[in-house]
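All remarks here apply to the structure that follows.
Coordinate-derived values only; no laboratory data. Note that the coordinates shown come from a computational prediction; the quantities given were computed from them, not determined experimentally. Here the Cβ positions follow ideal geometry from the backbone for every residue, glycine too, while neighbour counts run over all protein chains shown.
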């Protein structure tokens with residue numbers, strides 16, 4: 001498999017320098033390395049600038065409604081757990097409109113890989129505040145400053161029971177691709193929050209800001225220690241933005257809890273049920 | 001002025017020793033929520049069907065778990081019975097409330113059995129009602145066994161076989177231990193023996209075994225939908241609990257492992273439908289179910305399924321709204337909402353079931369239609385259909401064939417998922433086949449890439465709506481006309497009013513009934529043909545504006561001005577329909 005196999009008739013329409021371009025590039029590199037193809041993979045996106053990615057990536061996909069990428073992906077995975085299912089979503093998509101689905105996806109532990117394109121702004125609707133915009137942040141919808149305290153996606157995922165919680169940065173394409181692979185290889189729901197600049201509407205969280213203030217979690221961080229992960233997730237500020245895997249433990253996947261799909265994916269269980277006399281007799 | 005001749009069984013008859021000539025015998029058992037009214041009703045129903053009779057039950061209960069007033073009517077007949085009736089022949093009162101609330105239904109000659117240990121005041125009953133005081137509490141010992149004692153007492157009074165009751169107790173408690181079985185059996189026996197001794201000269205033969213006993217199932221509509229789904233090849237269901245459809249998910253949850261499908265409880269109705277859509281996209285025959293309030297949350301998913309052309313079935317069990325409305329009562333107020341839900345224009349198939357058996361068959365059909373037309377199919381039922389138990393011959397699925405429609409797993413490097421087709425239906429494929437396309441909620445090209453070009457937009461919009469026209473030609477069924485082709489009065493209605501109306505007009509002359517099942521696409525020509533010739537039309541519905549009449553007006557131009565509308569959560573009883581017929585000025 002080559003990068004060109006993933007090319008479609010559509011060219012990216014993101015702003016030059018958009019973090020989405022880098023996330024897209026990292027994903028394609030990971031896909032080529034791991035041979036994620038149309039026989040083994042399905043992509044799901046929500047609505048937002050991130051969702052355009054499906055048009056430029058030749059992997060079968062479902063572009064859902066704003067906020068609803070996760071339940072669509074849940075249905076796909078439960079119907080056919082042999083598929084690699086990747087969810088592309090945004091901070092507005094999965095933390096605002098789809099917040100409920102995010103919490104419940106984290107607690108279920110289906111083997112889903114979730115990439116949050118987190119630019120702390122609503123880009124597609126041209127610059128309103130998002131759930132990860134800082135307190136006091138000035139935007140078109142908050143000209144006097146954001147009155148809401150931001151959601152911490154990592155802490156939320158940890159609290160909701162996710163078994164893999166990580167943060168990446170869109171400026172590091174090679175590192176992000178490796179993090180995407182680790183997220184994919186994790187058996188269970190993997191939440192990868194990806195810091196990305198919105199070069200057009202977010203003048204605060206720029207490439208320079210992220211480059212200057214982020215650092216990689218080192219070997220001294222115990223990824224199996226939930227309290228340590230939670231503490232690291234609270235860090236934010238000058239030189240204080242950790243990147244890497246915050247938390248990773250192995251627990252039974254959601255799909256493994258259904259005996260009827262331990263042998264085959266659900267869609268391979270025949271829907272032909274010619275004789276239901278046993279069932280009908282229960283009502284006699 | 002037309003005089004409608006009422007059937008003789010609407011004329012109250014004395015409750016006498018031999019009740020077998022009462023064509024439809026009505027037992028009503030009432031008590032507090034938590035006293036096991038519903039389970040006692042089902043057990044009594046099974047004693048009746050195992051003695052060769054048909055049954056229909058109707059339950060009223062408040063939206064709470066303990067306390068409040070629960071009542072169940074059990075109608076027993078040698079004939080088909082599929083409707084509640086206003087009359088009560090035997091009232092079984094486990095508390096004072098039951099007497100107070102239903103005293104007016106008891107006419108001279110009918111009977112009232114009540115707990116003699118509870119100082120029940122029967123002064124509200126008219127003279128001539130036969131009283132059967134039974135010391136239910138004392139015989140039961142435990143409060144939990146009172147309903148079982150009452151069952152034994154009832155079977156004695158009605159001349160039924162008490163062994164059938166013992167069999168059912170053994171079956172019900174088979175996994176709960178011998179002690180519980182023998183406690184229940186001795187409770188039943190104590191009630192049975194007491195009545196046999198105390199009222200020896202008043203026993204009758206209402207429940208005496210018939211010579212010919214055919215095997216019958218007793219199912220309510222919620223169970224019928226679940227059974228229809230299993231028979232229809234269901235692979236994935238995500239359903240958020242809500243009255244009145246929780247019985248569907250509970251029935252599905254029990255049998256999933258054996259039949260290899262999945263029932264998943266989602267976080268809300270938005271997820272319920274979008275999960276089912278995801279599963280449908282991945283190739284599973286999928287469905288969800290909800291009531292009107294939950295359907296409000298599903299309206300965005302409805303359009304998503306239509307836009308991405310993903311098969312999905314939605315069961316909507318109606319109860320009165322708006323908002324939380326009357327959670328545990330029935331209504332027909334969702335029709336116009338379901339027909340118009342979602343922004344823009346989408347192809348949708350909307351069917352309305354008339355009873356449990358209809359719901360069973362239409363659920364199977366809906367799963368096939370969703371696959372064939374790759375668009376949402378909505379089946380309307382209501383609380384009465386969901387909760388009313390009814391006896392049917394054992395369901396027959398031998399005539400059912402799964403249909404996956406235009407579907408392929410063959411690899412095609414240039415798969416055109418939304419290719420232009422004359423019938424509007426393009427070949428569908430699924431992930432994992434090597435085929436590429438985008439199931440795109442944005443307007444899209446044939447492979448699913450987003451587009452905003454004028455010609456593409458119009459082409460895809462037209463293609464989707466051609467499916468509606470194809471369905472009209474290939475699958476839509478005309479409405480059913482019951483009764484004479486020419487009549488003085490033509491009734492028109494839908495849903496669970498069907499059997500109530502048919503019961504009401506059994507012995508009338510000059511009345512026919514048009515029952516409509518297909519709401520979208522709508523059988524305009526056939527409806528116009530019948531109603532255009534009708535001399536006088538009465539629209540009968542359980543909503544406050546006559547939503548079917550509005551649909552008929554929209555499609556046919558025929559305005560119906562005479563309506564019988566009821567929207568208090570209760571069914572329209574056959575007796576009320578007779579009264580309406582008799583008061584119609586024709």
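Rank-order B:394-402, B:256-264, B:311-319 by packing density, defined as the average count of other C-beta atoms within 10 Å over each peptide's residues, highest first. Write out the running numbers ahead of the final one.
On the way: B:394-402: 13.3, B:256-264: 20.1, B:311-319: 30.2.
Going by the mean number of other Cβ atoms within 10 Å, highest first, we get B:311-319, B:256-264, B:394-402.
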Worksheet item: With the contact rule set at Cα under 8 Å and sequence spacing of 6 or more, what percent relative contact order holds for chain A?
Response: 17
Fill in: Pairwise centroid distance, computed over Cα atoms, of segment B:163-230 with segment A:200-239, Å
67
Discussion item. At a threshold of 8 angstrom on Cα-Cα distance, excluding pairs fewer than six apart, so keeping six or more, what relative contact order does chain B reach in percent?
Written reply: 13
Worksheet item: Under the definition of partner shielding as Cβ atoms of other protein chains within 10 Å of a residue Cβ, what is the mean value for peptide B:387-395?
Response: 2
Discussion item. Starting from the 7 Å offset along Cα-to-Cβ, what nm value, one decimal, do you get for the label separation of residue B:414 and residue A:140?
Written reply: 4.0
Practice prompt. Specify the residue with the greatest mean-square fluctuation among A:50, A:66, A:221, computed from a Gaussian network of chain A linking alpha-carbon atoms under 10 Å apart.
Written response: A:221
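What value, in deg cm²/dmol to 500, does the helix sum -39500 (n - 2.57) over DSSP H runs of n ≥ 4 give at 222 nm once divided by the residues of chain B?
Working: 18 runs with 212 residues, N = 586.
The helix contribution divided over chain B gives -11000 deg cm²/dmol.
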Item to complete: Among DSSP beta bridges whose residues both lie in segment A:3-281, state the antiparallel percentage, nearest 5.
Response: 15
Practice prompt. Mind pulling the angle between the C-alpha long axis of helix B:454-474 and the longest principal axis of chain B? Nearest 10 degrees, somewhere in 0 to 90.
Written response: 40
Worksheet item: Distance from the Cα centre of segment B:490-508 to that of segment A:78-111, in angstrom?
Response: 48
Worksheet entry | Distance in nm between pseudo-label sites at residue B:201 and residue B:124 (7 Å out along the Cβ direction from Cα) | 3.1
Fill in: Taking segment B:8-214 and dividing mean pair separation by its residue count, relative contact order in percent (alpha carbons under 8 Å, at least six apart)
23
Practice prompt. Among A:216, A:196, A:268, determine the one that fluctuates most according to a GNM of chain A built with springs between C-alpha atoms less than 10 Å apart.
Written response: A:268
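Rounded to the nearest 5, what % of DSSP beta bridges with both residues in chain B are antiparallel?
Values: 27 of 74 bridges.
Taking every DSSP beta bridge with both residues in chain B, the antiparallel ones total about 35 percent.
Grab the beta carbon distance between residue A:2 and residue B:340, set R0 = 51 Å, and tell me the FRET efficiency rounded to 0.05.
Once rounded, the FRET efficiency stands at 0.55.
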Discussion item. Just to confirm the number: angle between the C-alpha axis of helix B:162-172 and the first principal axis of chain B, 0 to 90 degrees, nearest 10?
Written reply: 40
Discussion item. For a Förster distance of 60 Å, can you work out the FRET efficiency between the beta-carbons of residue A:226 and residue B:575, rounded to the nearest 0.05?
Written reply: 0.35
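Give me a single rounded figure for B:254-263: the average over its residues of other chain Cβ atoms within 10 Å of their Cβ. Present the calculation step by step, with values, prior to reporting the outcome.
Details: counts 2, 4, 3, 4, 3, 7, 11, 6, 9, 1.
For this peptide, the per-residue mean of nearby foreign Cβ atoms is 5.
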Worksheet entry | Alpha-carbon centroid distance for the pair segment B:104-134 / segment B:528-586, whole angstrom | 38
Worksheet item: Build a GNM of chain A with springs between Cα atoms under 10 Å: which of A:169, A:247, A:215 gets the top mean-square fluctuation?
Response: A:215
Discussion item. With angles folded into 0 to 90 degrees, how steeply does helix A:173-185 sit against the dominant principal axis of chain A? Use alpha carbons for both and round to 10.
Written reply: 30
